[in-house]
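Undergrad: Quick one: the structure is below, and I'll ask about it shortly.
The values are calculated or read from the model by the stated rules, or taken from the named source; none is laboratory data. Not measured: the values here are computed from a predicted model. A quick note on method: Cβ atoms are made from the backbone with ideal geometry, for glycine too, and the neighbour counts reach across all protein chains shown.
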Amino acid sequence: MDITIYGIYDPTNNNILKYIGKTTTKLNRRLSNHIYRAKSGRSKSLLSKWILELCDFGYNPVIMTIFVYNDDNINWQECEKFWISKFLQSGIKLLNQTVGGNGAHT
């Protein structure tokens, strides 16, 4: 099973990276889930609040692949932590509220 590390980007600000996550589903499905959780009020995360602001102005976030792991024995938690750390160290301010590795199983 492929593990995709993805980024969610701001379409109103030069596609600046805002969030890093992992999924085993198609990216459009994962993005739809993020948008649904934000609009339904099921999530009060920083990401959900930001998505609601975008939607209020008629925009949707952009989702893109950062890296795909196709090793069934891969530790996705460590992979997600690596990518979050890498981008934080480069000075990008992410909306992730943890260092990674404890997200949804999607």
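Undergrad: Just to verify a result, which residue in segment 41-51, among those that are surrounded by 14 or more Cβ atoms within 10 Å (Cβ to Cβ) and not aromatic (Phe, Trp, Tyr), is nearest to PRO11 (Cα to Cα)?
TA: Checked segment 41-51; the qualifying residue nearest to PRO11 (Cα to Cα) is ILE51.
Undergrad: Continuing with this model, one more query. Out of all the residues in segment 8-32, which are out of contact with any Lys or Arg (no Cβ under 8 Å at 6 or more places or on another chain) and within 19 Å of ILE84 (Cβ to Cβ)?
TA: Within segment 8-32, ASN15, ILE16, LEU17, LYS18, TYR19, ILE20, LYS22, THR24, LEU27, ARG30, LEU31 meet the criteria.
Undergrad: I've got another one for you. Could you tell me whether GLY41 is farther than 12 Å from ILE5 by Cα and at pLDDT 95 or above?
TA: When the stated conditions are applied, GLY41 does not pass them.
Undergrad: Still on this model: Could you list, in sequence order, all residues of segment 18-70 that are part of a loop (DSSP other than H, G, I, E, B), under 22 Å from VAL99 (Cβ atoms) and without any contact (Cβ under 8 Å) to a residue 60 or more places away in the chain?
TA: Residues satisfying the conditions are SER43, LYS44, SER45, PRO61.
Undergrad: Also, quick follow-up: Within segment 54-73, count every residue that is farther than 19 Å from ASP2 by Cα and surrounded by 12 or more Cβ atoms within 10 Å (Cβ to Cβ).
TA: So the answer is 6.
Undergrad: Working carefully through the options ILE35, ILE16, find the one that is in contact with a helix residue (DSSP H, G or I) (Cβ under 7 Å, 6 or more places away or on another chain) and either among the aliphatic types (A, V, I, L, M) or loosely packed, with under 13 Cβ neighbours inside 10 Å (or both).
TA: ILE35
Undergrad: Regarding segment 1-12, can at least one residue be identified that is assigned to a loop (DSSP other than H, G, I, E, B) and free of Cβ contacts under 8 Å to residues at least 60 places away in the same chain?
TA: Within segment 1-12, one or more residues are assigned to a loop (DSSP other than H, G, I, E, B) and free of Cβ contacts under 8 Å to residues at least 60 places away in the same chain.
Undergrad: Surrounded by 13 or more Cβ atoms within 10 Å (Cβ to Cβ) and polar (S, T, N, Q): is that true of SER90 in this structure?
TA: Considered against the rule, which asks whether it is surrounded by 13 or more Cβ atoms within 10 Å (Cβ to Cβ) and polar (S, T, N, Q), SER90 comes out as no.
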